[in-house]
1. If each of Asn222 and Asp90 carries a label point 7 Å out from its Cα toward its Cβ, how far apart are those two points in nm?
2. 7 Å from Cα along Cα→Cβ at both Val252 and Arg100: what's the point-to-point distance in nm?
3. Return the lysines within reach of Lys30: Cα separation strictly under 22 angstrom, same-chain partners fewer than 8 residues apart disregarded; answer none if there are no such residues.
4. Could you pull out every one of the aspartates and glutamates with an alpha carbon less than 18 Å from that of Lys28, ignoring same-chain neighbours closer than 8 positions?
5. Taking the C-alpha atoms of the range 1-154, how large are the radius of gyration and the largest Cα-Cα span, Dmax, in Å?
6. Run the dipole for the range 208-284 about the Cα centre, Lys and Arg Cβ at +1, Asp and Glu Cβ at -1, nothing else charged, and hand back the magnitude in debye, nearest 20.
7. State, to one decimal in nm, how far the label point of Ala192 lies from the label point of Thr3, with both points 7 Å from Cα in the Cβ direction.
8. What are the residues whose amide H is under 5 Å from the amide H of Leu182, where those residues sit 5 or more places off or on another chain and H is modelled from the backbone?
Amino acid sequence: MSTVTTDICIIGAGPVGLFAVFEAGLLKMKCHVVDALPQVGGQLSEIYPKKPIYDIPGFPSILAGDLIKNQMEQIAPFHPTFTLGERVEDLEKLEDGSFRLVTSEGTEIYCRVVVIAGGLGSFEPRKPAIDNLANFEGGKGVNYMILDPEHFRDKRVVLAGGGDSALDWAIYLADVAKELTLVHRGTTFRGAPESAAKVSSLAEEGHMRLLLKSNVTEVHGNGKLDAVTVMPDGADAYQIETDYFIPLFGLVPKLGPLENWGLELEKSAIVVNTVDYSTNIPGVYAIGDINTYPGKLKLILCGYHEAALMAQSAYSVINPDKKFVLKYTTVNGVPTL
């Protein structure tokens, strides 16, 4: 467990959350960013990093992954800190008006302002319908994300899935795991053709095992996973001994714990005041796709605008005795923290 103290805690490391870091940095406010995903970028990095985006000012077309890379370079002078692969579970307002947040891994974050930039909500793994699967979660052999691939070095690993994530990790772990198996229910993959070809090549060369037209139907172990049952189409089921089973079936957006924080909600979105995108809880703001108001457009461009106005308001919360004076970056450049 760790403890972080900062000016602003931003929940969500997507493009809008990252731009909020920039706007806050211009006003010399420190930010700590939390995201349940293991990398920055939100949907852009997790779901469609190679998808072109056409409505970012100044870029006739830019790949989603490149946009996130550029934004990380943009905020580098402000030295933001990150907690990735952890979901914020609890939000508590303290007597002095500041906040204490606690993540799923016990990380405590103390801040003056909270900015919820969670896009469509926290992304939760889509889990296969396997009995007793939950018994092996929490470090007992079933994982839904790969935070540190070195954790699987010289281990027996079974992956399941047919998208980019499953293919990419199969290629990476082929050189890490002692024994690697990829199980896919189909015969063709949804991921990039070059990645599918690479996985097929690795399997042909004996670097991994590729089981098509198959499903993992059972998990086994006494307190810790030691085997899975694989059911091929039109054949008998059999067991594979393994240390880890990692189903990579995509992510489902859900509001998650913030439903219980006392925020005013409307159709799974947070109601905000468009003056500054504040919520009904003083000191808590919501920007990007997770908020709602009359005329709301779910565009990255609109989220950037919301981040800018939010930062001005947050400045007055963090610096109640200082008068804010708008300074243009064309005149003053970009300050550092």
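1. Those two pseudo-labels are separated by 3.6 nm.
2. In this crude spin-label approximation the distance works out to 3.3 nm.
3. Excluding near neighbours in sequence, the set is Lys69, Lys93, Lys322, Lys323, Lys327.
4. Asp7, Glu73, Asp321
5. When restricted to the Cα atoms of the range 1-154, Rg and Dmax are 17.0, 52 Å.
6. Working: 5 positive and 10 negative charges, 25 e Å.
The calculated dipole for the range 208-284 is roughly 120 debye.
7. Between Ala192 and Thr3, the simple spin-label model gives 4.4 nm.
8. For Leu182, whose amide H was placed from the backbone, the distant partners under 5 Å are Leu159, Arg209, Leu210, Leu211.
The values are calculated or read from the model by the stated rules, or taken from the named source; none is laboratory data. Values in this document were obtained by computation on a predicted structure and should not be read as measured data. Using ideal geometry, Cβ is built from the backbone for each residue, glycine included, and neighbour counts are taken over all protein chains shown. With ligands, DNA and RNA removed, areas are computed over all heavy atoms of the protein, side chains included. Shrake-Rupley method; radii C 1.70, N 1.55, O 1.52, S 1.80 Å.
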